[in-house]
Amino acid sequence: MRIVSPSAITIHAATNGDLAAMDQLLLSIQPGVFNLSVCMLGNRKHAADTTQEILLKVVTHLSAFRGESALSTWVFQSARNQLLTAITRSKKCPAISLDAMNERLQAALDFGQSVESRGQTEHALTPEDKLEARKIALSCTQNMLMTMDRDQRLAYILDTVFGLPSRDAAEVLGVTPAAYRQRLARSRAKMNAFTAQTCGLVNADAACQCAKQLPALRHIRQTPERDADTSPTLIAIHRSELAESERHFDSMLRMSDAAAVFRAHPEYRVPTSLHGAIRAVLKAEGFMTDPRPLQ
(Lines give C-alpha, C1' and ligand atoms only; values in the text may rest on other atoms or scores of the structure.)
Protein backbone atom coordinates (compact mmCIF):
# COMPACT_ATOMS: atom_id res chain seq x y z
CA MET A 1 0.00 0.00 0.00
CA ARG A 2 1.23 3.53 -0.71
CA ILE A 3 0.08 7.07 -1.30
CA VAL A 4 0.33 7.61 -5.05
CA SER A 5 1.65 10.96 -6.23
CA PRO A 6 0.18 12.26 -9.50
CA SER A 7 2.47 13.53 -12.22
CA ALA A 8 4.47 16.73 -11.78
CA ILE A 9 2.30 18.33 -14.49
CA THR A 10 -0.87 17.49 -12.56
CA ILE A 11 0.60 18.77 -9.29
CA HIS A 12 1.69 22.04 -10.95
CA ALA A 13 -1.72 22.53 -12.57
CA ALA A 14 -3.59 21.76 -9.35
CA THR A 15 -1.36 24.17 -7.40
CA ASN A 16 -2.29 26.85 -9.92
CA GLY A 17 -6.00 26.25 -9.49
CA ASP A 18 -6.83 23.89 -12.36
CA LEU A 19 -9.97 22.13 -11.14
CA ALA A 20 -9.61 19.00 -13.26
CA ALA A 21 -6.04 18.58 -12.03
CA MET A 22 -7.16 19.15 -8.46
CA ASP A 23 -9.79 16.46 -8.87
CA GLN A 24 -7.22 14.06 -10.35
CA LEU A 25 -4.85 14.75 -7.45
CA LEU A 26 -7.58 13.97 -4.93
CA LEU A 27 -8.42 10.69 -6.62
CA SER A 28 -4.74 9.71 -6.66
CA ILE A 29 -4.00 10.23 -2.98
CA GLN A 30 -7.43 9.33 -1.56
CA PRO A 31 -6.99 5.50 -1.33
CA GLY A 32 -3.65 5.72 0.47
CA VAL A 33 -4.89 8.31 2.94
CA PHE A 34 -8.01 6.26 3.69
CA ASN A 35 -6.02 3.07 4.27
CA LEU A 36 -3.60 4.89 6.56
CA SER A 37 -6.57 6.25 8.49
CA VAL A 38 -8.18 2.81 8.83
CA CYS A 39 -4.95 1.30 10.14
CA MET A 40 -4.41 4.12 12.61
CA LEU A 41 -7.99 4.46 13.86
CA GLY A 42 -9.38 0.93 13.52
CA ASN A 43 -12.82 2.22 12.55
CA ARG A 44 -13.93 2.69 8.94
CA LYS A 45 -16.50 5.42 9.55
CA HIS A 46 -14.12 7.42 11.71
CA ALA A 47 -11.39 6.82 9.11
CA ALA A 48 -13.64 8.19 6.34
CA ASP A 49 -14.40 11.33 8.35
CA THR A 50 -10.72 11.89 9.12
CA THR A 51 -9.72 11.19 5.49
CA GLN A 52 -12.10 13.92 4.39
CA GLU A 53 -10.48 16.35 6.82
CA ILE A 54 -7.00 15.40 5.60
CA LEU A 55 -7.85 15.74 1.91
CA LEU A 56 -9.57 19.08 2.43
CA LYS A 57 -6.50 20.33 4.26
CA VAL A 58 -4.22 19.11 1.46
CA VAL A 59 -6.25 20.78 -1.29
CA THR A 60 -6.80 24.06 0.53
CA HIS A 61 -3.09 24.32 1.40
CA LEU A 62 -1.60 23.23 -1.94
CA SER A 63 0.07 26.61 -2.33
CA ALA A 64 2.25 25.69 0.67
CA PHE A 65 3.72 22.68 -1.18
CA ARG A 66 7.20 23.72 -2.35
CA GLY A 67 8.27 20.50 -4.00
CA GLU A 68 11.23 20.11 -1.64
CA SER A 69 10.12 16.51 -1.04
CA ALA A 70 7.72 14.16 -2.81
CA LEU A 71 4.05 15.13 -2.70
CA SER A 72 3.32 11.79 -1.03
CA THR A 73 5.66 12.72 1.83
CA TRP A 74 3.93 16.07 2.23
CA VAL A 75 0.53 14.34 2.25
CA PHE A 76 1.80 11.84 4.84
CA GLN A 77 2.87 14.75 7.02
CA SER A 78 -0.57 16.36 6.75
CA ALA A 79 -2.18 13.02 7.54
CA ARG A 80 0.11 12.52 10.54
CA ASN A 81 -0.93 15.77 12.16
CA GLN A 82 -4.63 15.11 11.59
CA LEU A 83 -4.54 11.46 12.66
CA LEU A 84 -2.68 12.05 15.90
CA THR A 85 -5.18 14.76 16.79
CA ALA A 86 -8.09 12.51 15.79
CA ILE A 87 -6.81 9.69 17.98
CA THR A 88 -6.35 12.05 20.91
CA ARG A 89 -9.90 13.38 20.76
CA SER A 90 -11.68 10.18 19.74
CA LYS A 91 -13.73 8.25 22.28
CA LYS A 92 -14.19 5.50 19.70
CA CYS A 93 -10.54 4.46 19.73
CA PRO A 94 -9.96 3.40 23.34
CA ALA A 95 -6.54 2.19 24.36
CA ILE A 96 -6.23 -1.55 24.81
CA SER A 97 -3.27 -3.41 26.22
CA LEU A 98 -1.80 -6.62 24.87
CA ASP A 99 -2.45 -8.23 28.26
CA ALA A 100 -6.15 -7.32 28.06
CA MET A 101 -6.30 -8.55 24.48
CA ASN A 102 -4.65 -11.83 25.46
CA GLU A 103 -7.18 -12.29 28.27
CA ARG A 104 -10.07 -11.74 25.89
CA LEU A 105 -8.66 -14.18 23.32
CA GLN A 106 -8.06 -16.79 26.02
CA ALA A 107 -11.61 -16.37 27.37
CA ALA A 108 -12.95 -17.05 23.88
CA LEU A 109 -10.78 -20.16 23.58
CA ASP A 110 -12.00 -21.38 26.98
CA PHE A 111 -15.59 -20.87 25.87
CA GLY A 112 -14.95 -22.92 22.74
CA GLN A 113 -13.48 -25.72 24.81
CA SER A 114 -16.48 -25.66 27.14
CA VAL A 115 -18.82 -25.99 24.17
CA GLU A 116 -16.83 -28.98 22.95
CA SER A 117 -16.87 -30.58 26.42
CA ARG A 118 -20.68 -30.37 26.45
CA GLY A 119 -20.74 -32.73 23.53
CA GLN A 120 -21.03 -30.17 20.78
CA THR A 121 -18.23 -31.56 18.69
CA GLU A 122 -16.35 -29.55 16.14
CA HIS A 123 -17.49 -29.81 12.55
CA ALA A 124 -15.57 -29.27 9.36
CA LEU A 125 -15.23 -25.62 8.49
CA THR A 126 -17.63 -24.45 5.81
CA PRO A 127 -16.61 -21.81 3.25
CA GLU A 128 -18.54 -19.26 5.31
CA ASP A 129 -16.67 -20.37 8.45
CA LYS A 130 -13.38 -19.82 6.67
CA LEU A 131 -14.44 -16.34 5.57
CA GLU A 132 -15.48 -15.53 9.12
CA ALA A 133 -12.14 -16.80 10.43
CA ARG A 134 -10.34 -14.58 7.92
CA LYS A 135 -12.35 -11.60 9.15
CA ILE A 136 -11.28 -12.46 12.67
CA ALA A 137 -7.65 -12.60 11.54
CA LEU A 138 -7.81 -9.17 9.91
CA SER A 139 -9.68 -7.61 12.81
CA CYS A 140 -7.49 -9.20 15.47
CA THR A 141 -4.30 -7.94 13.87
CA GLN A 142 -5.87 -4.48 13.57
CA ASN A 143 -6.60 -4.63 17.29
CA MET A 144 -2.95 -5.52 17.85
CA LEU A 145 -2.02 -2.25 16.16
CA MET A 146 -4.34 -0.40 18.52
CA THR A 147 -2.36 -1.65 21.54
CA MET A 148 0.59 0.54 20.55
CA ASP A 149 0.79 4.16 21.54
CA ARG A 150 0.00 6.35 18.56
CA ASP A 151 3.61 7.33 17.75
CA GLN A 152 4.81 3.72 17.73
CA ARG A 153 1.72 2.67 15.79
CA LEU A 154 2.34 5.21 13.06
CA ALA A 155 6.01 4.23 12.81
CA TYR A 156 5.06 0.56 12.53
CA ILE A 157 2.38 1.21 9.90
CA LEU A 158 4.64 3.39 7.77
CA ASP A 159 7.24 0.62 7.76
CA THR A 160 5.17 -2.56 7.65
CA VAL A 161 2.04 -1.60 5.72
CA PHE A 162 3.34 1.22 3.51
CA GLY A 163 6.97 0.11 3.19
CA LEU A 164 8.46 3.59 3.57
CA PRO A 165 12.26 3.72 3.75
CA SER A 166 13.57 4.88 7.13
CA ARG A 167 14.69 8.25 5.78
CA ASP A 168 11.26 9.04 4.29
CA ALA A 169 9.36 7.79 7.36
CA ALA A 170 11.58 9.88 9.63
CA GLU A 171 10.78 12.96 7.53
CA VAL A 172 7.06 12.21 7.81
CA LEU A 173 7.30 11.91 11.58
CA GLY A 174 9.56 14.93 11.96
CA VAL A 175 12.34 13.01 13.73
CA THR A 176 15.87 11.97 12.87
CA PRO A 177 16.37 8.65 11.04
CA ALA A 178 18.11 7.30 14.14
CA ALA A 179 15.16 8.24 16.36
CA TYR A 180 12.75 6.68 13.89
CA ARG A 181 14.70 3.42 13.80
CA GLN A 182 14.66 3.26 17.61
CA ARG A 183 10.90 3.85 17.68
CA LEU A 184 10.37 1.22 14.99
CA ALA A 185 12.59 -1.30 16.77
CA ARG A 186 10.53 -0.93 19.96
CA SER A 187 7.24 -1.44 18.12
CA ARG A 188 8.59 -4.43 16.20
CA ALA A 189 9.93 -6.07 19.35
CA LYS A 190 6.59 -5.61 21.11
CA MET A 191 4.58 -7.06 18.24
CA ASN A 192 6.98 -9.91 17.47
CA ALA A 193 7.02 -11.07 21.10
CA PHE A 194 3.23 -11.07 21.38
CA THR A 195 2.50 -12.81 18.09
CA ALA A 196 5.23 -15.43 18.54
CA GLN A 197 3.68 -16.47 21.85
CA THR A 198 0.00 -16.01 21.13
CA CYS A 199 -0.90 -15.90 17.43
CA GLY A 200 -1.41 -19.07 15.41
CA LEU A 201 -0.91 -17.08 12.21
CA VAL A 202 2.74 -16.54 13.16
CA ASN A 203 3.41 -19.59 15.33
CA ALA A 204 1.56 -22.76 14.32
CA ASP A 205 2.03 -24.12 17.86
CA ALA A 206 0.32 -21.15 19.53
CA ALA A 207 -3.00 -21.91 21.22
CA CYS A 208 -4.99 -19.16 19.53
CA GLN A 209 -6.23 -20.11 16.10
CA CYS A 210 -8.75 -17.91 14.29
CA ALA A 211 -11.24 -20.73 13.75
CA LYS A 212 -11.23 -21.51 17.48
CA GLN A 213 -12.58 -18.01 18.14
CA LEU A 214 -15.74 -18.70 16.11
CA PRO A 215 -17.89 -20.33 18.87
CA ALA A 216 -17.46 -17.39 21.23
CA LEU A 217 -18.11 -14.86 18.48
CA ARG A 218 -21.31 -16.63 17.46
CA HIS A 219 -22.45 -16.85 21.07
CA ILE A 220 -21.96 -13.11 21.53
CA ARG A 221 -23.95 -12.37 18.38
CA GLN A 222 -26.81 -14.56 19.59
CA THR A 223 -26.95 -12.94 23.03
CA PRO A 224 -29.33 -9.93 22.82
CA GLU A 225 -28.24 -8.48 26.16
CA ARG A 226 -24.54 -8.46 25.28
CA ASP A 227 -22.61 -5.30 26.09
CA ALA A 228 -21.37 -3.78 22.83
CA ASP A 229 -18.40 -2.25 24.62
CA THR A 230 -17.09 -5.65 25.68
CA SER A 231 -17.84 -7.47 22.42
CA PRO A 232 -14.91 -8.40 20.18
CA THR A 233 -14.28 -5.57 17.75
CA LEU A 234 -14.48 -6.75 14.14
CA ILE A 235 -13.58 -4.07 11.63
CA ALA A 236 -15.94 -4.13 8.66
CA ILE A 237 -14.41 -6.12 5.79
CA HIS A 238 -16.07 -6.16 2.37
CA ARG A 239 -16.27 -9.44 0.45
CA SER A 240 -14.09 -8.09 -2.37
CA GLU A 241 -11.44 -7.11 0.18
CA LEU A 242 -11.56 -10.62 1.63
CA ALA A 243 -11.04 -12.05 -1.85
CA GLU A 244 -8.04 -9.78 -2.37
CA SER A 245 -6.60 -10.74 1.00
CA GLU A 246 -7.14 -14.44 0.28
CA ARG A 247 -4.97 -14.22 -2.85
CA HIS A 248 -1.80 -13.51 -0.91
CA PHE A 249 -2.61 -14.23 2.74
CA ASP A 250 -1.36 -17.81 2.80
CA SER A 251 1.89 -17.01 0.99
CA MET A 252 2.58 -14.19 3.45
CA LEU A 253 1.89 -16.40 6.44
CA ARG A 254 4.41 -18.98 5.29
CA MET A 255 7.02 -16.42 6.28
CA SER A 256 5.95 -16.95 9.95
CA ASP A 257 6.63 -13.31 10.67
CA ALA A 258 4.46 -10.75 12.45
CA ALA A 259 5.09 -8.10 9.79
CA ALA A 260 3.94 -10.50 7.07
CA VAL A 261 0.55 -10.79 8.78
CA PHE A 262 0.03 -7.03 8.52
CA ARG A 263 1.28 -6.90 4.92
CA ALA A 264 -1.43 -9.46 4.09
CA HIS A 265 -4.17 -6.95 4.90
CA PRO A 266 -6.20 -5.91 1.85
CA GLU A 267 -6.43 -2.43 0.41
CA TYR A 268 -9.59 -1.09 2.01
CA ARG A 269 -12.08 0.36 -0.48
CA VAL A 270 -12.74 4.07 -0.17
CA PRO A 271 -16.43 4.85 0.46
CA THR A 272 -18.03 5.92 -2.81
CA SER A 273 -19.61 8.94 -1.15
CA LEU A 274 -16.33 10.36 0.14
CA HIS A 275 -15.14 12.10 -3.02
CA GLY A 276 -18.52 13.71 -3.60
CA ALA A 277 -18.59 14.98 -0.03
CA ILE A 278 -15.16 16.58 -0.46
CA ARG A 279 -16.25 18.24 -3.71
CA ALA A 280 -19.36 19.61 -2.01
CA VAL A 281 -17.31 21.19 0.78
CA LEU A 282 -14.81 22.67 -1.67
CA LYS A 283 -17.60 24.17 -3.76
CA ALA A 284 -19.28 25.61 -0.66
CA GLU A 285 -15.96 27.17 0.37
CA GLY A 286 -15.41 28.63 -3.11
CA PHE A 287 -12.54 26.37 -4.19
CA MET A 288 -14.50 24.83 -7.08
CA THR A 289 -16.35 27.61 -8.86
CA ASP A 290 -15.30 26.87 -12.42
CA PRO A 291 -18.49 26.06 -14.39
CA ARG A 292 -16.66 23.49 -16.54
CA PRO A 293 -17.45 19.90 -15.51
CA LEU A 294 -14.59 18.02 -13.89
CA GLN A 295 -13.28 15.03 -15.85
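The values are calculated or read from the model by the stated rules, or taken from the named source; none is laboratory data. Since we're looking at a predicted model, the values are computed, not measured. Neighbour counts run over all protein chains shown; Cβ positions are idealised from the backbone, glycine included. Quick note on the areas: whole protein, heavy atoms, side chains included, nothing else; ligands and nucleic acids left out. Shrake-Rupley method; radii C 1.70, N 1.55, O 1.52, S 1.80 Å.
Rolling a 1.4 Å probe over the protein heavy atoms leaves residue 273 with an accessible area of roughly 80 Å². Here residue 65 and residue 102 are evaluated by their C-beta separation; at R0 = 35 Å the FRET efficiency comes out at 0.20. Fully extending the segment from residue 129 to residue 7, taken as 0.36 nm per residue of separation minus the present Cα-Cα distance, adds 39.5 nm.
When the accessible area of region 1-58 is split by element with a 1.4 Å probe, what percent falls to carbon and sulfur?
Values: 1130 of 2030 Å².
Solvent-exposed carbon and sulfur of region 1-58 make up 56 percent of the total.
A 1.4 Å probe, protein heavy atoms only, puts the accessible area of residue 281 near 50 Å². The relative contact order of region 1-65, computed from alpha carbon pairs under 8 Å that lie at least 6 residues apart in sequence, is 32 percent. Summary value for region 1-153: 24 percent relative contact order, contacts being C-alpha pairs under 8 angstrom separated by 6+ residues.
Could you compute the FRET efficiency for residue 218 and residue 275, with r as their C-beta to C-beta distance and R0 at 25 Å, rounded to 0.05?
On the way: r = 37 Å, r/R0 = 1.48.
Calculated value: 0.10.
Set the Förster distance to 45 Å, then compute FRET efficiency between residue 27 and residue 115 from the Cβ-Cβ distance, nearest 0.05.
On the way: r = 48 Å, r/R0 = 1.07.
Efficiency computed from Cβ-Cβ geometry: 0.40.
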